[in-house]
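Below: one structure, written as structure tokens.
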Amino acid sequence: MKGPPLQPGHLQNGTGPTFEEVGSGPSQTLNGWGDVEQFFGRFDDQQWAAIQRERSKRMEEQKKMFADRKLCLVLDLDHTLLNSANVFAEIEPMHDEMLKKKDEQDREKSHRHLFRFPHMCMWTKLWPGIWEFLKKASKLYELHLYTMGNKLYATEMAKVLDPKGVWY
């Protein structure tokens, strides 16, 4: 179900209400960039409300970022902050035993670099200097993680990098 296209001048000249002036109706623009609805067609009331909530959340995050005088820094997990062996089978048995011993020795350390995830059949090794980098970067930037992995993987890696939930 597509609706009629928006007025061309609306997008070209950037006129229209600001985000704060926007009501809940789908035909109003959100900012000077115009209404993105033309790209996605019409939404039902529930979908539109969800979109509006997400937009409001993003605007609040942006306002907080500006108030904190920080820029957004997106950090790639894989081969940048850490390396993961996707399955235990990728590791030679001799090396697997060595890794298990190292994991047991370091388990109580607050800033260890080696992690075993039996539920994902995976080993992960953090890059040297990661803790100091994250500490310094978090003072200058709002940190976000990026991965091509699935949500379970991303969540587990975020817990490893930020176990107290301070940086992300």
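The values are calculated or read from the model by the stated rules, or taken from the named source; none is laboratory data. Quick caveat: nothing in here was measured; it's all calculated off a predicted structure. With ideal geometry, Cβ positions are generated from the backbone for all residues, glycine too; neighbour counts draw on all protein chains shown.
Please specify each residue of segment 120-138 satisfying the condition of being over 19 Å from residue 99 (Cα atoms) and at pLDDT 90 or above. Steps first, please.
Keep residues of segment 120-138 that are over 19 Å from residue 99 (Cα atoms), which gives 129-138.
Of everything in segment 120-138, those that are over 19 Å from residue 99 (Cα atoms) and at pLDDT 90 or above turn out to be 129, 130, 132, 133, 134, 135, 136, 137, 138.
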Exercise. So residue 50 fits all but one of (1) at pLDDT 85 or above; (2) small (Gly, Ala, Ser); (3) not in a helix (DSSP H, G or I); what number is the exception?
Worked result: (3)
Problem set entry | Residues of segment 52-79 that turn out to be exposed (fewer than 11 other Cβ atoms within 10 Å of the Cβ) and touching a helix residue (DSSP H, G or I) at 6+ places or on another chain (Cβ under 8 Å), as a count | 1
